[in-house]
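Below you'll find the structure, written out as structure tokens, and then a few comments.
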Amino acid sequence: MIQIDDVIVSLDMLENKFCCDLDACKGECCIEGDAGAPVELEEVEQLEEVLDVIWDDLSPEAQAVIDKQGVVYTDEEGDLVTSIVNGKDCVFTCYDEKGMCYCAIEKAYRAGKTTFYKPVSCHLYPARIKDLGMYKGVNYHKWDVCKAAVLKGEALNLRVYQFLKEPLIRKFGQAWYDELDDAVKELLDRKMIK
């Protein structure tokens, strides 16, 4: 592991290879699982504000869930997460004509309709942040759904933390990321990681 400020990054983030392959997985990480995506408290208001922009892109089932319980709920572990449809699909999913799953919020952002990209936990996936008291832990979440992403990452020789450069900078800042990158290069030079 590497510690930068109050953030501890697991070796899995540094050694494993990863690059999302949406053509292969069709966005399955947004529609599988037993809970919604983790949401930071300050993101709840942003999720509520973007609803007017994305409402028509959401399924009638997702709209009904949002009307009933809102954009987030507290899961079994006590974490604030996005609301889900039928016990699995994130309420913010939408599909194209080929059945590819997209985030309606990200779609609106890319179209210039909102300044909110999507919850940072979604942007950071496959990394998950864990509160460790005085520290935050950043871990690589391995999931069978992402097998194609591992193969693509290996083919591109792209490490998880490199694939996640933009969201890591969004969360922790450019200087933090640069320090992480320098530390990884040093570990590679010393052959302490592969």
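The values are calculated or read from the model by the stated rules, or taken from the named source; none is laboratory data. Note that this is a predicted model, so its numbers are computed, not measured. Please note: Cβ atoms are built from the backbone with ideal geometry, for glycine as well, and neighbour counts cover all protein chains shown.
A few comments on the model shown:
- The one condition in (1) within 28 Å of residue 132 (Cβ to Cβ); (2) surrounded by 17 or more Cβ atoms within 10 Å (Cβ to Cβ) that residue 44 fails to fulfil: (2)
Here's the yes/no breakdown for (1) among the polar types (S, T, N, Q); (2) in the same structural domain as residue 100 (by TED's automatic domain parsing); (3) under 15 Å from the mean Cα position of the chain (by Cα); (4) closer than 27 Å to residue 179 by Cα:
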{"position": "1", "(1), (2), (3), (4)": "no, no, no, yes"}
{"position": "35", "(1), (2), (3), (4)": "no, yes, yes, no"}
{"position": "40", "(1), (2), (3), (4)": "no, yes, yes, yes"}
{"position": "53", "(1), (2), (3), (4)": "no, yes, no, no"}
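- Helices (runs of 4 or more DSSP H) fully within the range 84-167 that include at least 2 residues being in contact (Cβ under 8 Å) with a residue 12 or more places away in the chain, closer than 12 Å to residue 13 by Cβ and not assigned by TED's automatic domain parsing to the domain that holds residue 40: 160-163.
- All of (1) of a type in the set (Phe, Trp, Tyr); (2) modelled with pLDDT of 90 or more; (3) farther than 30 Å from residue 56 by Cβ hold for residue 143 with one exception: (2).
- Among the residues making up the range 6-64, those that are under 30 Å from residue 191 (Cα atoms), in contact with a Lys or Arg (Cβ under 7 Å, 6 or more places away or on another chain) and in a helix (DSSP H, G or I) are 14, 15.
- In the range 62-92, the residues that are at pLDDT below 95 and surrounded by fewer than 13 Cβ atoms within 10 Å (Cβ to Cβ): 69, 74, 76, 77, 78, 86, 87
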